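Take a look at the structure set out below.
The values are calculated or read from the model by the stated rules, or taken from the named source; none is laboratory data. These numbers come from a predicted model, not from an experiment. All Cβ positions, even for glycine, are placed from backbone atoms using ideal geometry, and neighbour counts span all protein chains on display. Side chains included, ligands, DNA and RNA excluded: accessible areas come from the protein's heavy atoms. Shrake-Rupley method; radii C 1.70, N 1.55, O 1.52, S 1.80 Å.
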Amino acid sequence: YLLDKSDKYDSRDVERLHQDDKWVENYLIWRHDVVDDTLKMIDESFQWRKEYTVNDLTESVLPKWLFENGSLFLHGYDKEGYKLFWIRVKHHIKDPKQQLEKKKLVAFWLEHYAKRDHGKPLTVVFDMAETGISHIDLDFVRFIVNCFTDYYPNFLTKIVIFEMPWIMNAAFKIVKGWLGPDAISMLKFTNKSDVQEYISGEYLPPHMGGTDSFKYSYPPLVDDDFQTPLCENGPITSEDEHESKEEIDADTKETGELNEEQNLNQKKMNSIEQISKSEETDKTEIKPKNAKKALTTFKGPLLHISPAEELYFGSKETGEKKCLIVLTNVTKNIVAFKVRTTAPEKYRVKPSNSSCEPGTSLDIVVSLHGGFAASLQDRFLIMAAEMDQSSGAGVPELTQFWKEVPRTKVMEHRLRCHVVESSKPSSLTLKENTFNIPAKTNEDLHIQLTHLLQINRRLQEQIDRCLWFQQLSVVLSLLSITVVAFCFYLACTQRS
């Protein structure tokens with residue numbers, strides 16, 4: 001493919017294919033590990049990515065009115081914690097002159113999200129309230145379907161269709177024909193009475209029976225619903241007003257003890273890593289692609305962030321309500337950072353708006369308060385940017401710095417929340433393990449299952465080959481015995 005069609009691909013996509021195993025795995029998963037089908041999908045998606053200049057799609061190259069229209073945007077999460085990609089059909093009017101730009105807007109949002117959240121799947125919501133025949137645009141719908149079935153592998157969890165008018169039933173029968181059996185199973189037709197089976201009311205607008213007061217506006221881009229900044233003691237609520245000074249002091253003391261424990265654990269981890277490295281040099285075995293490191297770390301250009309993806313909180317039964325984020329400055333300058341969340345009423349973050357000296361590590365304690373419980377929909381955003389050594393790192397300097405720093409120089413990293421449901425306090429919570437080692441997600445289990453199936457298939461092929469050779473050997477043996485017997489018979493006949 002590369003030799004025959006190199007001029008039809010973007011070199012950046014080819015380079016990423018060589019380096020990003022997760023991307024390759026998603027293609028394989030989406031095509032059920034059939035290599036020929038996977039290659040065909042990669043070929044088609046790469047040609048499409050170059051045609052639509054996907055790697056170069058930015059706000060500046062698309063018309064401003066497309067963003068102001070509000071027909072497409074990302075906002076909120078479904079009950080499984082997947083991001084919602086909203087398509088407000090009533091804002092879309094079929095117009096052939098604008099079709100290409102509208103398709104590029106879809107590609108922009110999908111690429112924007114894929115890069116930001118490292119390809120985590122999302123849920124598509126077709127809000128068809130107040131729509132009619134003038135809003136039917138099968139070509140545009142087919143493009144959206146193709147994005148998920150052909151261009152963005154393993155990127156779709158479900159399609160929630162809200163209040164589809166009866167007049168569009170015929171059109172959606174055509175759409176079903178494009179989806180294929182796997183994607184058809186993801187279609188969820190809903191109305192006001194049952195849409196909350198998939199999306200909780202906090203992320204549904206009032207016309208869908210929810211309580212979300214979110215109003216789309218542009219600029220800026222919808223920034224994943226994060227609130228900025230979180231104050232170190234969290235928001236003041238009526239439940240929190242009675243919290244005593246002793247409890248706050250206890251929190252501070254506990255945090256100090258945990259920091260000491262973390263330092264000891266870090267030394268242990270370093271020694272373990274050194275031992276494991278020396279052992280690895282003696283081994284000649286190839287490391288499995290999907291083997292996870294004990295300590296997961298996101299290695300950004302300014303900060304290394306641990307854990308890399310998820311913060312682990314206990315359920316109400318476990319009672320674990322604290323997690324630790326470790327930031328390590330890998331630059332030669334001071335790095336300013338601040339922490340944002342989608343649920344500021346639930347969490348305290350200490351510190352939430354500060355700076356990290358060159359080459360040092362800093363602990364951020366995230367804790368639930370006021371009787372709240374963590375949920376899969378909650379997200380955290382860590383923003384970081386380099387500061388001049390002479391600018392100072394006090395509160396006034398940081399406030400002014402964040403007002404002036406260009407967005408292009410800000411590193412962003414997002415963390416999901418995970419709730420440990422076991423009755424026994426999990427070893428992944430702060431008190432027992434400050435590194436928040438992630439448990440196996442459904443996606444991890446699915447990948448392991450596909451690998452087991454592959455191994456099983458290979459073993460079956462080997463068994464089939466062995467049986468074939470065995471049968472061939474038996475036939476040849478019988479043939480040899482027959483020939484020998486016949487020769488013996490001829491010899492005996494000649495003698496007589």
Item to check | Pick from the range 319-341, criterion among the basic types (Lys, Arg) and surrounded by 18 or more Cβ atoms within 10 Å (Cβ to Cβ), ranking: nearest to the chain's Cα centre (by Cα) | outcome: Arg340
Checklist entry - Do you know which of the residues in the range 32-69 that are outside any helix (DSSP H, G or I) and among the hydroxyl-bearing types (Ser, Thr, Tyr) is surrounded by the fewest Cβ atoms within 10 Å (Cβ to Cβ)? => result Thr58
Next on the checklist: Against the condition over 24 Å from the mean Cα position of the chain (by Cα) and not in a helix (DSSP H, G or I), how does Lys79 come out, does it pass?
Outcome noted: no
Item to check | Pairs where the first residue, in the range 35-61, is without any contact (Cβ under 8 Å) to a residue 24 or more places away in the chain and the second is among the hydrophobic types (A, V, I, L, M, F, W, C), C-beta under 6 Å, 6+ apart | outcome: Thr38/Leu28
Item to check | Qualifying residue in the range 360-373 (condition: assigned to a helix (DSSP H, G or I), surrounded by fewer than 20 Cβ atoms within 10 Å (Cβ to Cβ) and out of contact with any His (no Cβ under 9 Å at 6 or more places or on another chain)) | outcome: no
Checklist outcome for this item: Checked the range 90-115 for anything surrounded by fewer than 16 Cβ atoms within 10 Å (Cβ to Cβ) and under 24 Å from Pro153 (Cα atoms); matches are Gln99, Leu100, Glu101, His112, Lys115
Next on the checklist: What's the number of the only condition in (1) among the hydrophobic types (A, V, I, L, M, F, W, C); (2) surrounded by 16 or more Cβ atoms within 10 Å (Cβ to Cβ); (3) outside the structural domain of Cys147 (by the TED database) that Ile87 fails to meet?
Outcome noted: (3)
Item to check | Selection status of Met168, at pLDDT 90 or above and open to solvent by less than 20 Å² (accessible area, probe 1.4 Å) | outcome: no
Next on the checklist: Kindly evaluate Glu25 against the criterion of being open to solvent by 70 Å² or more (accessible area, probe 1.4 Å), in a helix (DSSP H, G or I) and either out of contact with any Pro (no Cβ under 9 Å at 6 or more places or on another chain) or closer than 24 Å to Gln448 by Cα (or both).
Outcome noted: no
Next on the checklist: Looking at the structure I just gave you, is Leu478 outside the structural domain of Val34 (by the TED database), of a type in the set (A, V, I, L, M) and open to solvent by 100 Å² or more (accessible area, probe 1.4 Å)?
Outcome noted: yes
Next on the checklist: Anything in the range 140-150 that is open to solvent by less than 30 Å² (accessible area, probe 1.4 Å) and without any contact (Cβ under 8 Å) to a residue 40 or more places away in the chain? List them, or say none.
Outcome noted: Val141, Val145, Phe148, Thr149
Checklist outcome for this item: Only one of (1) without any contact (Cβ under 8 Å) to a residue 60 or more places away in the chain; (2) surrounded by 18 or more Cβ atoms within 10 Å (Cβ to Cβ) does not apply to Pro153, and that is (1)
Checklist entry - So which residues in the range 116-139 are modelled with pLDDT of 85 or more, more than 26 Å from the chain's Cα centre (by Cα) and crowded, with 18+ Cβ neighbours inside 10 Å, if there are any at all? => result Met128
